[in-house]
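Structure first, commentary second.
The values are calculated or read from the model by the stated rules, or taken from the named source; none is laboratory data. Since we're looking at a predicted model, the values are computed, not measured. Neighbour counts run over all protein chains shown; Cβ positions are idealised from the backbone, glycine included. Protein only, heavy atoms only, side chains kept; ligands, DNA and RNA dropped before computing areas. Shrake-Rupley method; radii C 1.70, N 1.55, O 1.52, S 1.80 Å.
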Amino acid sequence: MKFQALDLGASFGADGQGFRERRLIDTYGKARLSHSLWTAGYRATSILDEVLAGNYGYQSVCHLAEFFPALVRDSEGFLDTVFFPDVIEMQAKGLLDLRCDPLESVDGPIDFAGMWKIWDFPDKVEFLCQLMDGMLPVLQQAPDFIDTVKRLAAEATLIWLDEALIADFLDGRGLDPLISGIEKLCHHLNDGPQKAFAMLDLVRAQAKREIARSGAKAKNAENRAMKSDVFAWLDANPPKHRGMDEAATKIFESKLVPIKSWRTARDWVGEWEKLRSAGTA
């Protein structure tokens, strides 16, 4: 997993712009989003710094982006090959009753195996935490596992921050649920390992929220792809002075991308023009 929008070094490095301004820095060098979200990311990178310290030639947060894909692959391996089979086995033995129908206001059985297939990494981390709810005595006897949960939460936080920057660029569509989840993760990460189990309460509504988030994420992905195609076309066919309306008409009428209105095309042409004027397109 590579970051698409978040510049880790510029955001959290000791000499970076983000560290000075307490703001997230995107790959265009622009400061975005709130101080509290920067704090969430800084805490997450601090946890991962401790995980990586002295390993694989790792030196500082400026190198974290290079090592992050391997970290996430390792964590996904744990979730998919250790955690998931254990849950399936507990279900089969009747030791675990997963109930919470995300489409209804009342509890009901969920298709865990089916949901697992469509969840991304942060969703799986949240489910892990949800499942541990009520297992405080077990967690108190498993400090190493608490540290594992902290690492997973830190990785999920950075992934969501990257998604939040993308959502912010796309006029904020799908941003609110990401910010809500990140802020809750930040709170529990700051509690320290002895209270890591406290993060479990933040995911009780995971199944219901997933339905709304998955729809927004799918739409955002589709919008990102279409906007990228439009920007590429504009790069190759830059409109003449005061020709943005004409460019929008060509994009819409030629069905370059399946957008529903001329206004959307015009808005994207305007965004492209602003980025080009700023030297970032």
Looking at segment 114-135, is at least one residue in a helix (DSSP H, G or I), open to solvent by 10 Å² or more (accessible area, probe 1.4 Å), small (Gly, Ala, Ser) and modelled with pLDDT under 85?
-> yes
Selection within segment 151-161 - surrounded by fewer than 23 Cβ atoms within 10 Å (Cβ to Cβ) and among the charged types (D, E, K, R) = 151
For segment 1-46, which residues satisfy the criterion of being part of a loop (DSSP other than H, G, I, E, B) and among the hydrophobic types (A, V, I, L, M, F, W, C)?
-> 1, 3, 5, 14, 33
Going through segment 250-262 in order, the residues found to be in contact with a helix residue (DSSP H, G or I) (Cβ under 8 Å, 6 or more places away or on another chain) and either exposed (fewer than 15 other Cβ atoms within 10 Å of the Cβ) or in a loop (DSSP other than H, G, I, E, B) (or both) are 256, 257, 258, 259, 261, 262
How many residues does segment 4-51 contain that are open to solvent by 50 Å² or more (accessible area, probe 1.4 Å) and aliphatic (A, V, I, L, M)?
-> 2
State whether one or more residues within segment 83-90 are part of a helix (DSSP H, G or I), under 25 Å from residue 147 (Cβ atoms), in contact with a Lys or Arg (Cβ under 9 Å, 6 or more places away or on another chain) and at pLDDT below 85.
-> yes
